[in-house]
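A quick write-up on the structure given underneath.
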Amino acid sequence: MRKDLIAGNWKMNATHLDAIQMVQKLSYRLDVADHDRVDVVVCPPFTALRSAQTVIEADHLRLILGAQDCHYEESGAYTGEISPGMLAKLSVSYVIVGHSERRQICGEQDSDVNRKVKAVIAHDMTPILCVGETEAERDEGHTADRVASQVRLGLAGVAAAPVASIVVAYEPIWAIGTGRTADPDDAAEVISLIRTTIGEHWGDAANTIRILYGGSVNPGNIASFMAKPDIDGALVGGASLDPDTFASVVRYWM
Ligand code: 13P
């Protein structure tokens with residue numbers, strides 16, 4: 001059985017002071033049964049991680065801390081970058097890797113993403129590997145090729161044991177921040193293809209790896225994605241910034 005996972009990617013939003021309030025408000029709205037059913041991850045910007053960690057630990061919250069990116073090197077002359085070891089020290093459990101905004105805006109290549117995945121795993125954290133096609137790729141019928149290749153290249157050289165417990169997020173780029181969600185049937189089809197690709201290369205890891213959908217998820221549409229057996233959760237952007245809204249996404253069955 002794969003436990004549901006719903007992660008909020010705050011992107012470049014929230015100061016460390018905002019983060020304290022957001023984490024506290026979210027936790028008030030969730031109860032033990034919610035946490036038993038769903039792993040709830042919050043991914044604030046780097047500058048808010050320490051504040052979020054402090055609140056989570058001091059109040060014994062069951063929220064799980066994630067980061068939005070990291071560098072693949074451990075230390076050195078990489079001005080502006082944050083290493084996986086720095087994140088691990090902040091009790092970060094999940095690290096988003098290869099988000100389409102980093103691929104598109106920062107020029108990250110699959111080879112960079114692969115190095116980051118390995119660095120995150122080496123620090124006993126869990127990568128959330130993001131994959132997804134552009135609108136043009138979809139229109140030209142290249143969705144399957146594109147996504148399968150991002151999975152293969154992103155996880156190249158990673159052993160089956162760690163692959164079994166990582167997370168992949170399928171985020172069609174045309175659905176991110178646009179209010180245009182993928183059709184749940186289409187998303188489930190691509191996610192099933194991702195699972196098949198994992199099975200071909202990493203065997204039984206396909207049964208345990210969790211695969212999320214992301215792209216304009218909100219309280220009104222989350223249930224239709226979660227109804228698909230292959231979809232194990234969601235990576236949520238805009239709707240994760242308001243704790244009430246995000247709590248409604250987490251409690252999608254209510
Ligand atoms: P939105 O939910 O705002 O579309 O963002 C999705 C996303 O990119 C999450 O990583």
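The values are calculated or read from the model by the stated rules, or taken from the named source; none is laboratory data. All values derive from a computational prediction rather than experimental measurement. Using ideal geometry, Cβ is built from the backbone for each residue, glycine included, and neighbour counts are taken over all protein chains shown.
Annotations for the structure displayed:
- Residue in the stretch 140-175 that is modelled with the lowest pLDDT, counting only those that are assigned to a helix (DSSP H, G or I) and among the small types (Gly, Ala, Ser): ALA175
- Single unsatisfied condition, ILE231 versus (1) in contact with a strand residue (DSSP E or B) (Cβ under 7 Å, 6 or more places away or on another chain); (2) in contact (Cβ under 8 Å) with a residue 60 or more places away in the chain; (3) more than 10 Å from the ligand (Cβ to nearest atom): (2)
- Which listed residue is touching a residue at least 60 places away in the same chain (Cβ under 8 Å), on the phi < 0 side of the Ramachandran plot and touching a strand residue (DSSP E or B) at 6+ places or on another chain (Cβ under 7 Å), from VAL167, VAL147, VAL217, VAL151: VAL167
- Which numbered condition ARG146 fails, given (1) away from the ligand (no atom under 14 Å from the Cβ); (2) out of contact with any helix residue (DSSP H, G or I) (no Cβ under 8 Å at 6 or more places or on another chain): (2)
- Enumeration of residues in the stretch 86-139 that are assigned to a helix (DSSP H, G or I) and under 23 Å from ALA48 (Cβ atoms): MET86, LEU87, ALA88, LYS89, SER100, GLU101, ARG102, ILE105, LYS116, ALA119, VAL120
- Residue match in the stretch 176-188 (condition: crowded, with 22+ Cβ neighbours inside 10 Å, more than 11 Å from the ligand (Cβ to nearest atom), within 15 Å of the chain's Cα centre (by Cα) and closer than 25 Å to VAL40 by Cβ): no
- Residue match in the stretch 29-41 (condition: at pLDDT 95 or above, part of a loop (DSSP other than H, G, I, E, B), away from the ligand (no atom under 16 Å from the Cβ) and touching a helix residue (DSSP H, G or I) at 6+ places or on another chain (Cβ under 7 Å)): yes
- Lone qualifier among SER93, SER75 - being without any contact (Cβ under 8 Å) to a residue 24 or more places away in the chain and not β-branched (Val, Ile, Thr): SER75
- Some residue of the stretch 198-217 being surrounded by fewer than 23 Cβ atoms within 10 Å (Cβ to Cβ), within 14 Å of the ligand (Cβ to nearest atom) and assigned to a helix (DSSP H, G or I): no
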